[in-house]
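The values are calculated or read from the model by the stated rules, or taken from the named source; none is laboratory data. Please read all numbers here as calculations on a predicted model, not as lab measurements. Here the Cβ is made from the backbone with ideal geometry for all residues, glycine too, and neighbour counts use every protein chain on show.
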Amino acid sequence: MDYATSLYLTGAEIGLSISGLVLLLVSAWGGARVTRLVTILAAAALFGAAIFTGHLFTELSVPAAGDAFGGLYRADDFSSFAKILIYLAVIACLMITPKYLAANGIYRSEYPILLLFGAVGMSMMVSAVDLITLYIGLELSSLSSYVLASFARDDVRSSEAGLKYFILGALASGILLYGMSLIYGFAGTTDYAAIRLAFIGGIETGALFGIVFVLAGLAFKIAAVPFHMWTPDVYEGAPTPVTAFFASAPKVAAVAILMRIALEPFADHVDSWRQIVVFAALASIVVGALGAIGQDSLKRLLAYSSINNVGFILIGLATATQLGTSAMMTYLVIYVVMTLGSFTALLMLRAEDGRPFETFSDIAGLATRKPAIAWCLLLLMFSLAGIPPLFGFWAKFVVFRAAVEADLIALAAIGIAASVIGAFYYLKFVKVMFFDEAEGSVVKTSPIGQWIVLILAGIIVSPLGYFLNGLLDAWSSDAAASLFYLV
Amino acid sequence: MVDLSQYLPILLFLFIALGLSVAFVFLPMGVSRLTGAHQPTAEKLSEYECGFPAFEDSRGQFDVRFYLVAILFIVFDLEAAFLFPWAVSLDLTGWAGWTTMMIFLAELAVGLAYAWKVGALEWE
Amino acid sequence: MTLQVVAFYLFASIVIASAVMVILARNPVHSVLWLILAFFNAAGLMVLLHAEFIAMLVVIVYVGAVAVLFLFVVMMLDIDFASLRAGFVKNFPLGIAVALVLLAELVLGIGAYRAGALNLGAAEGTAAPIPMTSNIESLGAVLYSEYLFLFEAAGIVLLVAMIGAIVLTHRDLRSPRAHQDIGKQVRRNPDEATIMTQPAVGKGVDL
């Protein structure tokens, strides 16, 4: 084994781990004084990792050239793309967090450290070309997520969210592990390429069960219907910045491993998993759209919105084509921007007494009280609804185009119909903000970090985002091409 | 493959221990049953607390800090368990294996230093 | 050979008996103790299978740490176990249904076993055991060379578990009242611990 190459390719993870360890010691000795410093250094470490990954992204011209540690880990364009997205999303989460946690008296330096280790786990997940790497990365990111969900440990709802997330997440891990053990039993290996070779002549029923279990376990992690029931409770209970994190980075990682596992080891058996993905996609779109309608809590509404979006992403997977995969990457980028933007806006809305805004009645008439946030939310909501001039429309458009080209016209048609239902509650958001009577409480000023994230998100989802299109398309198709390199 | 006969002394020890412990527990019980008077009534068998029925469950609630201690113990216990295969296979893994374990130990040493410094190892 | 058979039946019957007792014991603490007995005998079964490392892990990790954690959790939770059992009759039909499902699985499993061997993948390459070594040595040989990257990642997972436990349960109790500084107590000398005063008659002492 060539250790030098391996260490070079895994540089981002190693760098992040070392900074995590160092920051842990800094926080232990510095106490509460260094919390802010630790947060800034963690963001800097993530930024460095993103730069390094970007360097790999441009340098690795041959997609499969980057196998590390004897084929446990692969640094290709796909993983680099997903990793950069994950790192940037975590940096945004670090930027919007401090004021919220400080206001609740729970701003501790363990928060950025846990996010850092979570990022290590997520980047291992997206680079995994072996079932064991996948599992360890998944556990690392899940374990830090469980702790983050109940970070406000004196708040009953936060503790409950952490507990629910932990129990259901552990169940999902168990299901996933069971599926992996079946696949290992029938293939005799955990390596993706070798699994593909082992099943080249056809797939055993037992191994088929394995695939189903693995897909079910991963569906849990990306909150696709019918494994979505934890999402609204956990998203509502967890502290809002943590919810923003859950809805962005881990979702990118989980979708990425789902793509890799479906399209690398089981690329020859698309028919055996396509039905499941199609069902999960349609069910997520419909349940996400219908479930949101009756919600009064804004966080629950955004939770259903994320379920809905996962459905659209899965349409891309159902195509099992390079175009569909590239569409998924594009969708993921735009989804992360929209999600982070909407949660940041939610985070900025607080009453004079510090109480966060949680329901529709709180944001009534927001346009007169806090016009800047209201207009940004308007852009984000229209974009989530997929209304044409905004960038969210482009995300849906590329996915549907891929579905139509792969002859999944019925799937695309149902998806489009359901997205019209989904538009209802996004429009309700806008209607309440702009046309309802304003109520008493006044909004406090917000810290600069939150403004930066919100305004950036607003600019990207606005029609100005189409200027990014050329780059985004090129990168997405590079990333997708590396998944299909062996075909 | 391992020759299982090396475990024979342990098995014999288990048999003897089992036999002796059974004898020590049940022999006195049987002897006293056969020689003494044995007339249980409901009153004799009920629990006794100063003439009153028991106020509460005898199970008291533990402090959550025991849990923290137990988790830390599990982590370091696992660390120790990983040392065994490392030690016996060192001639096969060489310097790479040695370095691996040292890094692993360093990771957990950082954890120990952190736990120590924040006072997780202190009781009061 | 016969000794192995005797040992197998001894361990297997104690595992099953103590597993039944885990469920039947009225006191949850007794359940945990029965569980420990089950773990010990499972370790014995693992030795019979030549899986010595797993036997060691079961004893060190499960008996030594996990069972203790279970005991703590049982003691920590303020649950009235008598009231938990109260719904037994009400939930009886559901229990029977679950039992039937499990029975069906058992029958299917035996049927599958009778149907002949499955076409399983052969362990090859890195996953194959090294000949002429104990399995603990083969395991070490792959864990600390092929899989060293994942081994380090597992170390980080353990570290995150530690941080998580501390973040969620540790409270800084070093308030002046609760914290005892033994060094300070030992360093105390009469000069700073006592004061000499000479109060006038009828004046009292100023403290």
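Kindly provide the set of residues from the range C:17-32 that are more than 14 Å from chain B (Cβ to nearest Cβ) and closer than 17 Å to residue B:18 by Cβ, ordered by number. Let's see the steps before the verdict.
From the range C:17-32, those more than 14 Å from chain B (Cβ to nearest Cβ) are C:19-24; that's our starting set.
Answer for the range C:17-32, where residues must be more than 14 Å from chain B (Cβ to nearest Cβ) and closer than 17 Å to residue B:18 by Cβ: just C:21.
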Could you please tell me which pairs satisfy a Cβ distance under 7 Å, a separation of 6+ or placement on different chains, a first residue in the range A:73-95 that is under 22 Å from residue A:2 (Cβ atoms) and of a type in the set (A, V, I, L, M), and a second residue that is crowded, with 24+ Cβ neighbours inside 10 Å and modelled with pLDDT of 90 or more?
-> A:75/A:127
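Being farther than 20 Å from residue A:483 by Cα, within 12 Å of chain C (Cβ to nearest Cβ) and either in contact with a helix residue (DSSP H, G or I) (Cβ under 8 Å, 6 or more places away or on another chain) or not in a helix (DSSP H, G or I) (or both) narrows it down to one of A:90, A:120, so name that one. Walk me through it before giving the result.
Working: A:90 fails: within 12 Å of chain C (Cβ to nearest Cβ).
On inspection, the qualifying residue turns out to be A:120.
Being in contact with a Phe, Trp or Tyr (Cβ under 8 Å, 6 or more places away or on another chain) and surrounded by 15 or more Cβ atoms within 10 Å (Cβ to Cβ) narrows it down to one residue among B:119, B:111, B:97; which is it? Give the steps one after another, and end with the answer.
Working: B:119 fails: in contact with a Phe, Trp or Tyr (Cβ under 8 Å, 6 or more places away or on another chain); B:111 fails: in contact with a Phe, Trp or Tyr (Cβ under 8 Å, 6 or more places away or on another chain).
That would be B:97, the only listed residue that is in contact with a Phe, Trp or Tyr (Cβ under 8 Å, 6 or more places away or on another chain) and surrounded by 15 or more Cβ atoms within 10 Å (Cβ to Cβ).
Does residue A:363 satisfy the condition of being part of a loop (DSSP other than H, G, I, E, B), surrounded by fewer than 19 Cβ atoms within 10 Å (Cβ to Cβ) and either among the β-branched types (Val, Ile, Thr) or touching a strand residue (DSSP E or B) at 6+ places or on another chain (Cβ under 7 Å) (or both)?
On the way: part of a loop (DSSP other than H, G, I, E, B): yes; surrounded by fewer than 19 Cβ atoms within 10 Å (Cβ to Cβ): no; either among the β-branched types (Val, Ile, Thr) or touching a strand residue (DSSP E or B) at 6+ places or on another chain (Cβ under 7 Å) (or both): yes.
Criteria not met by residue A:363.
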If we scan the range A:159-178, do we find a residue that is within 19 Å of residue A:134 (Cβ to Cβ), surrounded by 22 or more Cβ atoms within 10 Å (Cβ to Cβ) and out of contact with any Ser or Thr (no Cβ under 6 Å at 6 or more places or on another chain)?
-> yes
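Output the number of residues of the range A:187-219 satisfying the condition of being of a type in the set (Val, Ile, Thr), farther than 21 Å from residue A:127 by Cα and free of Cβ contacts under 8 Å to residues at least 40 places away in the same chain. Steps first, answer last, please.
So the first thing to find is which residues in the range A:187-219 are of a type in the set (Val, Ile, Thr), and the list is A:189-190, A:195, A:200, A:203, A:205, A:211-212, A:214.
Restricting the remaining residues to those that are farther than 21 Å from residue A:127 by Cα gives A:200, A:203, A:205, A:212.
With free of Cβ contacts under 8 Å to residues at least 40 places away in the same chain added as a condition, the list becomes A:205.
Qualifying residue count for the region: 1.
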If residue A:101 passes every condition in (1) in a helix (DSSP H, G or I); (2) within 14 Å of chain B (Cβ to nearest Cβ) but one, which one does it miss?
-> (2)
Name the residue, out of B:98, B:86, B:116, that is closer than 25 Å to residue A:18 by Cβ and facing chain C (nearest Cβ under 8 Å).
-> B:86
Taking only pairs six or more apart or across chains, which ones have beta-carbon atoms under 8 Å, a first residue in the range C:144-169 that is facing another protein chain (nearest Cβ under 7 Å), and a second residue that is basic (Lys, Arg)?
-> C:167/A:108; C:167/A:153; C:168/A:153; C:169/B:65
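Test residue A:196 against the stated conditions and say whether it is more than 9 Å from chain C (Cβ to nearest Cβ), of a type in the set (D, E, K, R), assigned to a helix (DSSP H, G or I) and closer than 21 Å to residue A:230 by Cα.
Numbers: more than 9 Å from chain C (Cβ to nearest Cβ): yes; of a type in the set (D, E, K, R): yes; assigned to a helix (DSSP H, G or I): yes; closer than 21 Å to residue A:230 by Cα: no.
In short, no.
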Which one of the conditions (1) within 30 Å of residue C:166 (Cβ to Cβ); (2) more than 14 Å from chain C (Cβ to nearest Cβ) does residue A:151 fail to meet, given that it meets all the rest?
-> (2)
When both residues are 6+ apart or on different chains and their Cβ atoms are under 8 Å apart, which pairs have a first residue that lies in the range C:5-28 and is at pLDDT 90 or above, and a second that is polar (S, T, N, Q)?
-> C:11/C:41; C:12/C:41; C:14/C:41; C:15/C:41; C:18/C:41; C:21/C:31; C:22/C:31
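Please determine, by comparing only the residues of the range C:41-75 that are touching a residue at least 60 places away in the same chain (Cβ under 8 Å) and either under 18 Å from residue B:69 (Cβ atoms) or facing another protein chain (nearest Cβ under 7 Å) (or both), which one is surrounded by the fewest Cβ atoms within 10 Å (Cβ to Cβ).
Restricting attention to the range C:41-75, the residues satisfying the condition of being touching a residue at least 60 places away in the same chain (Cβ under 8 Å) are C:50-53, C:56.
Still in the list and also either under 18 Å from residue B:69 (Cβ atoms) or facing another protein chain (nearest Cβ under 7 Å) (or both): C:50, C:52-53, C:56.
On the way: C:50: 14, C:52: 19, C:53: 19, C:56: 17.
Selected residue: C:50.
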With (1) free of Cβ contacts under 8 Å to residues at least 40 places away in the same chain; (2) farther than 23 Å from residue A:329 by Cβ; (3) part of a helix (DSSP H, G or I); (4) not small (Gly, Ala, Ser) as the list, and residue A:445 as the residue in question, which single condition is left unmet?
-> (3)
Are any residues in the range A:144-176 in contact with a Phe, Trp or Tyr (Cβ under 6 Å, 6 or more places away or on another chain) and β-branched (Val, Ile, Thr), and if so, which ones?
-> A:175
Restrict the check to the range A:50-63 and report whether at least one residue is under 18 Å from the mean Cα position of the chain (by Cα) and hydrophobic (A, V, I, L, M, F, W, C).
-> yes
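Here's the yes/no breakdown for (1) at pLDDT below 90; (2) over 17 Å from the mean Cα position of the chain (by Cα); (3) part of a helix (DSSP H, G or I):
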| residue | (1), (2), (3) |
| --- | --- |
| A:256 | no, no, yes |
| A:260 | no, no, yes |
| A:270 | yes, yes, yes |
| A:277 | no, yes, yes |
| A:284 | no, no, yes |
| A:289 | yes, yes, yes |
Matching residues, the range C:117-143, being at the interface with chain A (Cβ under 9 Å from one of its Cβ atoms) and either closer than 29 Å to residue B:117 by Cβ or modelled with pLDDT of 85 or more (or both) = none
How do the pairs read when you match residues in the range B:26-37 that are outside any helix (DSSP H, G or I) with residues anywhere that are not small (Gly, Ala, Ser), using Cβ under 7 Å and keeping only pairs 6 or more apart or on different chains?
-> none
Positions within the range B:70-83 being facing another protein chain (nearest Cβ under 8 Å) and either farther than 24 Å from residue C:63 by Cβ or of a type in the set (A, V, I, L, M) (or both), in sequence order = B:70, B:71, B:72, B:74, B:75, B:78, B:80, B:81
